[in-house]
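Here the structure is laid out as structure tokens; the discussion comes afterwards.
No lab work stands behind these numbers, since they all come straight from the coordinates. Everything quoted here is computed from the prediction, not taken from an experiment. Neighbour counts are summed over all protein chains in view; Cβ atoms, including those assigned to glycine, are modelled from backbone coordinates with ideal geometry.
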Amino acid sequence: MYSAFSVANAFIKRGLEGRLPGLTPMKLQKLLFFTQAWYLKVVGEPLIDEIFTRRENGPILPSVYYQLKDYDERIVGQTIRILGGSDSRYEWKVPVLREDDENTWELIDAIIGSYGHLSPRVLSDMTHLPGSAWSQGSVLCEAIPNEAIRLDPTIT
């Protein structure tokens with residue numbers, strides 16, 4: 001299992017390499033959601049160690065949302081960094097996927113191949129389809145259980 005920032009940074013890396021066009025925060029959020037869904041459906045457990053929440057524009061990971069909200073609708077231009085360490089020694093770190101984790105990198109690339117060409121709005125609309133994990137609740141900001149994501153019939 002990876003942190004939300006590690007998986008987000010994998011997509012951001014692909015965007016910076018020119019392999020993922022138009023990577024805005026909203027598009028990233030939807031790609032993260034589809035990544036979690038595919039992984040849950042195939043492996044049966046979550047890839048990302050954070051729970052998605054229901055928002056007006058679809059599911060989001062709150063930590064990623066708050067890290068990137070200043071981008072608004074602009075292209076994400078750098079990876080997410082976190083401050084780690086102790087009071088006496090600290091440093092900025094960039095959470096990443098392990099380079100030798102070929103299966104997860106293949107998943108990232110498969111998600112890009114399936115969804116990367118779509119606009120943030122189209123991706124958001126896909127998460128709102130009747131029967132989707134997002135549509136099964138009614139309260140904004142509530143958690144979307146991983147089991148609901150795994151069973152989401154709109155994601156194949």
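For this structure, a couple of remarks:
- Selection from Q36, A148, Q78 lying farthest towards where the dipole of the chain points positive, charges on Cβ: Q78
- Once exposed loop trypsin sites (Lys or Arg not before Pro) are cut out (DSSP; at most 12 other Cβ, 10 Å), longest piece of the chain: 1-73
- Straight-distance candidates among the lysines for linking to K93, with alpha-carbon spacing under 25 Å and chain neighbours fewer than 8 residues away dropped: K13, K27, K30, K69.
- Among S124, I51, S114 the positive-end extreme of the charge dipole of the chain (Cβ point charges): S124
- In nm, spacing of pseudo-spin labels at R81 and E102 (7 Å Cα→C-beta vector): 3.3 nm
- Charges were assigned to the Cβ only: +1 to each Lys and Arg, -1 to each Asp and Glu. The resulting dipole of the chain about its Cα centre is roughly 360 debye.
- Taking amide H atoms as placed 1.01 Å from N in the peptide plane, the amide H of I144 lies under 5 Å from those of F52, T53, R54, each 5 or more residues away in sequence or on another chain.
- Overall dimensions of the chain, expressed as equivalent-ellipsoid semi-axes from the Cα gyration tensor (√(5λ), whole Å, largest first), are 24, 17, 17.
- Prolate/oblate/rounded label for region 11-102 (Cα gyration tensor, a/c 1.5): rounded
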